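What follows is a set of notes on a single structure, which appears directly below.
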Amino acid sequence: MSSPNRGGELARDETPAERVDRNFNELLGELRIALPGVQVLFAFLLTVPFAQRFSELTGFQRGLYFAVLLLTALACALLIAPTAYHRLQFRRGRKEEILFFANRAAVLGLAALASAMTGAVLLITDLLFGIAAAIPVGAGAALMFASLWYLLPLHRGRRSPVDRGHPRAG
């Protein structure tokens with residue numbers, strides 16, 4: 001039976017190098033899930049200014065659109081950065097450093113993506129129903145992303161090591 005180690009993971013029969021390799025592969029798998037969505041959102045946003053109704057947007061809506069575009073570009077850059085970092089450093093014996101950077105970039109990339117998606121929800125709701133509806137819907141979207149992507153995992157991480165070691169606990 002495995003027990004949690006100091007970092008909260010279940011103890012495994014692996015060397016530190018094997019653990020870094022496993023963690024890096026897990027992170028890459030997670031990025032493979034996030035990247036297509038970011039890329040589709042970015043591609044869609046690039047086409048929006050060429051739509052007929054774009055010229056009818058208010059100044060607020062244009063500003064919000066531009067902020068969403070920039071946040072999506074930032075999310076793309078941060079979520080793809082681990083690949084570039086790894087490619088330039090992989091044969092230099094710096095895998096743990098690469099993993100540390102990749103983890104930070106992924107967390108920041110997800111924050112930028114959550115912000116971009118919240119902004120997109122705010123923009124579309126404003127276009128469809130007006131600002132009075134857009135504010136609570138946008139706040140709800142922000143709360144949803146914050147809760148599911150950050151608050152819930154951080155809260156679960158605060159549980160006792162015994163709870164974290166239970167197979168159903170996490």
- Message: Which residue fluctuates most in the GNM of the chain (Cα springs below 10 Å): Leu41, Leu143, Leu78?
- Response: Leu143
- Please identify, among Ala17, Ala116, Ala73, the residue showing maximal mean-square fluctuation in a Gaussian network model of the chain using a 10 angstrom Cα cutoff. Ala17
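Please compute the contact order of the chain in relative form: average sequence separation of alpha-carbon pairs under 8 Å and at least six residues apart, divided by the residue count, as a percent.
Numbers: 132 pairs, mean separation 43.7, N = 170.
Computed over the chain, the figure is 26 percent.
Calculate for the chain the 222 nm mean residue ellipticity that helices alone would give, adding -39,500 (n - 2.57) per DSSP H run of length 4 or more and normalising by residue count, nearest 500 deg cm²/dmol. Intermediate results must be reported in sequence, preceding the final value.
Values: 6 runs with 125 residues, N = 170.
Calculated mean residue ellipticity at 222 nm is -25500 deg cm²/dmol.
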- Where in segment 119-148 does the label zone of Phe60 land, with the point 7 angstrom along Cα→C-beta and an amide N cut-off under 18 Å? 119-142
- Near Ala17, within a Cβ-to-Cβ distance under 9 Å, what is the net charge of the other residues, with Lys and Arg +1 and Asp and Glu -1? -2
- Expressed as an acute angle from 0 to 90° and rounded to the nearest 10, what is the orientation of the C-alpha long axis of helix 59-89 relative to the principal long axis of the chain? 30 degrees
- Springs between alpha-carbon atoms under 10 Å, Gaussian network over the chain: tell me which of Ile131, Ile80, Ile33 tops the mean-square fluctuations. Ile33
- Message: Please compute one quarter of the surface area of the Cα convex hull for segment 16-158 and express it in square nanometres.
- Response: 10.1 nm²
- Task: Kindly express, to the nearest 10 degrees and within the range 0 to 90, the angle between helix 95-129's C-alpha long axis and the longest C-alpha principal axis of the chain.
- Result: 30 degrees
- Query: Taking only Cα atoms, what is the 0 to 90° angle, nearest 10, from helix 16-47's long axis to the longest principal axis of the chain?
  - Reply: 10 degrees
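Every read-out reported here was derived from the displayed coordinates using simple, explicitly stated rules and does not represent laboratory data. These figures come from a predicted structure and were not determined experimentally. Neighbour counts run over all protein chains shown; Cβ positions are idealised from the backbone, glycine included.
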